[in-house]
Amino acid sequence: MASLSREEVVHVARLARLQLTDEQIDTFTPQLAAILDHAADVEALDLADVPPTSHPYPLKNVWRPDVARDAGIRDAVLAAAPSTEAGMFRVPPVLGEAP
Amino acid sequence: MTAREIAASVRAGERSARSVVDEHLAAIDARESELHAFNLVTRDEALAAADALDAKVAAGEDPGALAGVPIALKDNLCTTGIPTTCSSKILEGWKPPYDATVVRKLTAAGAVCLGKTNLDEFAMGSSTENSAFGPSKNPHDTTKVPGGSSGGSAVAVAAGFAPLALGSDTGGSIRQPAALCGVVGVKPTYGRVSRYGLVAFASSLDQIGPFAATVADAALLYEAIAGHDPADSTSIPEAVPSVLDHLDDGIDGLRVGVVKELLDIEGIAPDVAARAKAAAEALEAAGAKVEEVSVPAVIYGLSAYYLIAPAEASSNLARYDGVRYGLRIDASTTGEMYDRTRTAGFGAEVERRIMLGTYALSAGYYDAYYGKAQKVRTLIIRDFDAAYERFDVLLSPTSPTTAFTLGAKADPLAMYLNDVCTIPSNLAGHPAMSVPFGVGDDGLPVGIQVMADALDEATMFQVAAALEGAMA
């Protein structure tokens, strides 16, 4: 794979919901490109017939009885939130500006 | 005193937990301002816990296997009502409403938490320099890094602030700082210790494990935290064989493989390689059969890791959006609030890893990067499996060099190369530990890594004990 362009870094920052300054983008672009270039050493391997590993331990799905249980921490969770209303997390308008 | 000695004397009523805690708090007062091991020292809570233990002993109740033993907890382990920051501004001031399973187990066993230790932000780093609250310093030379990411926990044990500490290890974050600070550090088999209440970095790699000054103390702590936990669906539903019972069995006839690639790979300092060879000779003298072994795919571990771990991190850290906890920077829309909060809350290394992971998972690049890295992971596991058919444990340096100077590795890739020897065991999910084995040319500690097959912590600890014995 080829190196990373400045435009790609701007695009990825938007996907990751980060507002980077021009200076940060200038710093990150060569740094991220160097890491990706280093990772290109795996091109030397023949991986065509190798299955991927997503997890080190071959666990199957884990089942438990579907029983509701009260963790007893609802109030503590809400108390730690930046803003709440009527037992819910309160956020600014999701669609458009506040009226 | 070792943790075992403290627990024995407190249980026998020969020493009060209060006096043990007082002594360790005094050690912290003497050097903490210079070393910055802790983000928070929970003095009042520790003294209250010690008094409660002493009352139990006075009432004739069993205070637990770790009675009165002070312990330091990495600040990415949730503690009820006590700030858990991950050394990030985005969680500053957040108090978890529940305890991590390991914290619950340690409290039940009578251990006394002294505080929360410094780390690289969200455990991303190898020096603690990425902490939003400033770096920790190596107690052997305060111009040097302690390693990371669990640097504060390593410092706490090395400086005598606590005989035991917990860290987390995603690519070497327990073993590397243990090596650089001259203490024992253990990454158990993936799933052997519950991750419930550990703030997630890379979920298929993260594992909690012990720091201690001695192999036996590390074994004591390992036994206290290991075991299945229904709250962690990736925890292994099997009984945990004792490691303490076999610690002194010796290593006569055990087969030890010295991993050729991890001695030859670029960046391994000659003095560190020399210590690894000396360790191999010491094990041979103690009765082991020692041979060199090739595990070819490990040289690709770094490349696979620095795609897989950031990919998982980019997903795990999506939760820090200002909605439910921690920092919020207000804005007129929720989307703008997300962007401002994350940008203000995350440090540069965390941003870099999120960017890297987001890129590796993005449309058009998934197969080329993340998909390929997962296949390399398979190759590493296959090569390890072949090696463990012929050997009981594998040996290598823990870190390519001794502790380096603060600020010396400003280039991210140069920092990542620190993890070259420790990453393969995380990718395979295998247990591995670092044992102090002398010093390098600069007089700073060198750690030797003992790796074992999945679930074989007992043999790994036996070999570690033999290495420790050879240095005694």
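Placing unit charges on each Cβ (+1 for Lys and Arg, -1 for Asp and Glu) gives the range B:3-246 a dipole about its Cα centre, and among B:G182, B:H24, B:I82 the Cα reaching farthest toward its positive end belongs to B:G182.
Please compute the Kirkwood hydrodynamic radius of chain A from all pairs of different C-alpha atoms, in Å with one decimal.
After inverting the pairwise mean of 1/r, the radius is 19.8 Å.
Computed packing ranks the peptides B:156-165, B:9-18, B:230-239, B:432-441 as B:156-165, B:432-441, B:9-18, B:230-239, most packed first, by mean other Cβ atoms within 10 Å. Temperature 37 °C, viscosity 0.692 mPa s: under these conditions the Stokes-Einstein estimate for the range B:51-108, based on its Kirkwood radius over C-alpha pairs, is 254 µm² per second.
Across A:T53, A:T29, A:T84, mean-square fluctuation computed from a Gaussian network of chain A (C-alpha pairs under 10 Å connected) peaks at A:T84.
Here the 3J(HN,Hα) profile of the range B:118-127, calculated from phi with Karplus coefficients 6.51, -1.76 and 1.60 at θ = phi - 60°, is 5, 8, 5, 3, 6, 6, 9, x, 10, 8 Hz, Gly and Pro shown as x. The listed peptides B:331-341, B:129-139, ordered by packing as a protection proxy, come out as B:129-139, B:331-341 (highest mean of other Cβ atoms within 10 Å first).
With the helix formula -39500 (n - 2.57) applied to DSSP H stretches of n ≥ 4, chain B reaches a computed 222 nm mean residue ellipticity of -12000 deg cm²/dmol.
Here the Karplus relation 6.51 cos²θ - 1.76 cosθ + 1.60, evaluated at θ = phi - 60°, turns the backbone of the range A:16-22 into coupling constants of 8, 6, 10, 9, 7, 7, 4 Hz, with x for every Gly and Pro.
Over all projection directions, the Cα-based convex hull of chain B averages an area of 21.2 nm².
Averaged over the residues of B:315-328, the number of partner chain Cβ atoms lying within 10 Å of the residue Cβ comes to 3. Comparing A:D75, A:D22, A:D46 in a Gaussian network model of chain A, where Cα atoms under 10 Å apart are tied by springs, the biggest mean-square fluctuation is seen for A:D75. Once C-alpha pairs closer than 8 Å and six or more residues apart are averaged by separation and normalised to the residue number of the range B:129-259, the relative contact order reads 20 percent. For B:I71, the residues whose modelled amide H falls within less than 5 Å of its own, excluding neighbours fewer than 5 places apart on the same chain, are B:V112, B:C113, B:L114. Please report the spacing between the Cα centers of the range B:315-369 and the range B:290-309 in Å, no decimals. With the range B:315-369 and the range B:290-309 each reduced to a Cα centre, they are spaced 30 Å. Counting, for every residue in A:36-45, the Cβ atoms of other protein chains within 10 Å of its Cβ and taking the mean gives 6.
Normalised size of the range B:304-367, defined as Cα radius of gyration per 2.2 N^0.38 Å with N residues, equals 1.20. Note on chain A: GNM, Cα springs under 10 Å; of A:E85, A:E23, A:E43, the largest mean-square fluctuation is that of A:E85. When the protein assembly as shown is described by a simple charge dipole with +1 on each Lys and Arg Cβ and -1 on each Asp and Glu Cβ, the residue from A:V67, B:S9, B:I265 located farthest towards its positive end is A:V67. Relative protection proxy for B:311-321, B:213-223, from highest mean packing down: B:213-223, B:311-321 (other beta-carbon atoms within 10 angstrom).
Across chain A, C-alpha contacts under 8 Å between residues 6 or more apart give a mean separation that, scaled by the residue count, equals a relative contact order of 19 percent.
Can you give me the relative contact order of chain B as a percent, contacts being Cα pairs under 8 Å and 6 or more apart?
Normalised by residue count, the contact order of chain B is 17 percent.
Within 10 Å of each Cβ in peptide A:71-83, how many partner chain Cβ atoms are there on average? Round it to a whole number, please.
Averaged over the peptide's residues, the number is 4.
Read-outs: derived from the displayed coordinates by stated rules, not from any lab. If you're wondering where the values come from, they're calculated on a predicted model, not measured in any experiment. When we count neighbours, we look across all protein chains shown, and the Cβ atoms used for this are built from the backbone with ideal geometry, even at glycine.
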